[in-house]
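Structure first, commentary second.
The values are calculated or read from the model by the stated rules, or taken from the named source; none is laboratory data. These numbers come from a predicted model, not from an experiment. So basically every Cβ, Gly included, is an ideal-geometry build from the backbone, and we count neighbours across all protein chains shown.
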Amino acid sequence: MPENKKYSVLQVLPHLNSGGLVSGAIEVSSALVQNNFRSIVVSTGGRRQREIERHGGEFLNMDVASKNPFIMYKNVSSLLKIINKYNINIIHARSRAPAWSAYYAAKKSSIPFITTFHGTYGFNNKIKKKYNSIMVRSDKIIAISNFIKNHIVENYDVSLDKIKTIHRGINITDFDAANVSSERLISFINKLNIPEDRLVILLPGRITRWKGHILMIKAMEKLKRQDVICLFVGDFQGRKNYLNELKNLISQSNLDENFRILENQIDMAAVYKLADVVVSCSTDPEAFGRVVAEAQAMGRPTIAVNHGGAPEIILDKITGWLFKPGDVDDLVEKINFALNISEEKRSKMALLSSDRVKMYFDNKNMCLKTIDLYKNIINSY
């Protein structure tokens with residue numbers, strides 16, 4: 001295929017609401033346009049769909065989130081029409097349900113098909129594993145961390161050379177402590193009514209059970225420090241029962257004055273900068289660990305669980321701390337370390353952590369590596 005041809009890339013994903021899957025698709029779409037590609041995104045839509053068009057991509061609505069076999073079958077012909085109309089050169093599926101339709105559409109069109117593993121896609125029976133297996137039928141598999149790459153090799157009959165690790169990236173400019181003005185910081189402090197003499201521990205992430213909020217409440221109970229406030233900041237996603245469970249547990253532990261629970265904040269960089277320590281204590285392994293990367297980019301002392309993608313981001317005791325999964329005593333110990341380090345060590349750690357994220361986890365690098373992969377596959381197909 002001539003080098004000067006304008007390639008057309010079709011990304012297919014269930015929705016455009018929140019999460020790393022959505023951010024990755026939007027960022028890659030924007031980078032494609034900047035690099036003279038045509039970017040088409042097919043999805044059921046969501047609150048972030050306008051970002052696709054704002055950055056020069058094209059959004060097409062289709063019910064690719066459905067697991068109904070009849071709808072999935074119908075979507076094959078709908079995708080075929082899109083492939084022909086927009087002269088699609090490659091199709092990239094980012095989830096299982098849309099991957100089934102995309103796979104057969106790509107086969108019938110004789111164009112390459114790639115997938116991204118954004119998680120481990122747990123399976124507890126043969127039917128579920130069969131459903132997941134569509135993700136390894138692609139011409140190339142992108143793993144968002146080496147943890148995910150290892151998971152694929154261990155659980156599916158796939159050779160290593162078929163998998164390429166492209167770490168999730170974050171927006172380095174957005175998460176740069178130097179870019180957060182004192183006005184932004186003061187505004188958020190006043191909003192939360194946090195006394196000046198309090199230390200702040202931040203646990204960012206969706207308000208869902210596996211993010212480890214209960215473990216953090218237990219850690220605060222054992223920490224026994226009245227000078228510390230813990231912030232839970234994340235999307236509630238309608239989980240009122242779990243939210244009420246957390247509030248009740250906080251009250252039962254006599255920690256009402258030590259906790260604030262907030263919906264997602266627009267200015268997350270200011271939230272990070274406010275924190276003296278950032279904690280990620282997911283009970284299940286994170287496929288990558290976006291909040292860990294964001295906290296490290298901001299130069300915040302960061303503590304994460306020693307599983308999933310976090311150990312690829314944090315260098316233990318050098319750029320942050322890792323604790324044993326589910327071990328509340330180990331978490332308390334690491335929190336005490338982080339709260340009590342000297343200003344000199346804190347500054348040194350901040351510099352090392354932010355430099356590391358800039359080098360390895362910049363979303364611009366992620367996008368360019370993905371685009372290079374597109375080019376190589378298209379040109380060799």
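Checking Gly299 against (1) within 17 Å of the chain's Cα centre (by Cα); (2) on the phi > 0 side of the Ramachandran plot; (3) surrounded by 19 or more Cβ atoms within 10 Å (Cβ to Cβ), which test does it fail?
(1)
Is it true that Ile141 is touching a helix residue (DSSP H, G or I) at 6+ places or on another chain (Cβ under 7 Å), surrounded by 13 or more Cβ atoms within 10 Å (Cβ to Cβ) and under 25 Å from Trp100 (Cβ atoms)?
yes
Scanning the stretch 240-261 for residues that are over 25 Å from Glu196 (Cβ atoms) and basic (Lys, Arg), which turns out modelled with the highest pLDDT?
Top of the filtered list is Lys247.
Tell me yes or no: at least one residue of the stretch 3-14 is outside the structural domain of Leu79 (by TED's automatic domain parsing), surrounded by fewer than 16 Cβ atoms within 10 Å (Cβ to Cβ) and acidic (Asp, Glu).
For the stretch 3-14, residues outside the structural domain of Leu79 (by TED's automatic domain parsing), surrounded by fewer than 16 Cβ atoms within 10 Å (Cβ to Cβ) and acidic (Asp, Glu): present.
Restrict the check to the stretch 236-248 and report whether at least one residue is of a type in the set (Asp, Glu), in contact with a Ser or Thr (Cβ under 9 Å, 6 or more places away or on another chain) and either under 22 Å from Ser18 (Cβ atoms) or assigned by TED's automatic domain parsing to the domain that holds Glu333 (or both).
No - not one qualifying residue is present in the stretch 236-248.
Can you list residue pairs whose Cβ atoms sit under 9 Å apart, with the first residue in the stretch 200-225 being farther than 16 Å from Glu257 by Cβ and the second being of a type in the set (Ser, Thr, Tyr) and assigned to a helix (DSSP H, G or I)? Count only pairs 6 or more apart in sequence or on different chains.
Once the first residue is farther than 16 Å from Glu257 by Cβ and sits in the stretch 200-225, its partners that are of a type in the set (Ser, Thr, Tyr) and assigned to a helix (DSSP H, G or I) give Leu202/Tyr272; Pro204/Tyr272; Ile207/Tyr242; Thr208/Tyr242; Arg209/Tyr242; His213/Tyr242.
Need pairs with beta-carbon distance below 8 Å; first residue more than 19 Å from Gly289 (Cβ to Cβ) and within the stretch 361-377, second surrounded by fewer than 19 Cβ atoms within 10 Å (Cβ to Cβ) and charged (D, E, K, R); sequence gap 6+ or separate chains.
Partner pairs satisfying both residue conditions: Leu373/Lys164; Ile377/Asp139.
Scanning the stretch 173-187 for residues that are surrounded by fewer than 20 Cβ atoms within 10 Å (Cβ to Cβ) and not polar (S, T, N, Q), which turns out nearest to the chain's Cα centre (by Cα)?
Asp174
Do any strands (runs of 3 or more DSSP E) lying entirely in the stretch 40-117 carry at least 2 residues that are under 22 Å from Val136 (Cα atoms) and assigned by TED's automatic domain parsing to the domain that holds Lys130, and which ones are they?
In the stretch 40-117, the matching strands (runs of 3 or more DSSP E) lie at 90-93, 113-117.
Tell me yes or no: at least one residue of the stretch 339-354 is touching a strand residue (DSSP E or B) at 6+ places or on another chain (Cβ under 9 Å) and either outside the structural domain of Arg225 (by TED's automatic domain parsing) or β-branched (Val, Ile, Thr) (or both).
no
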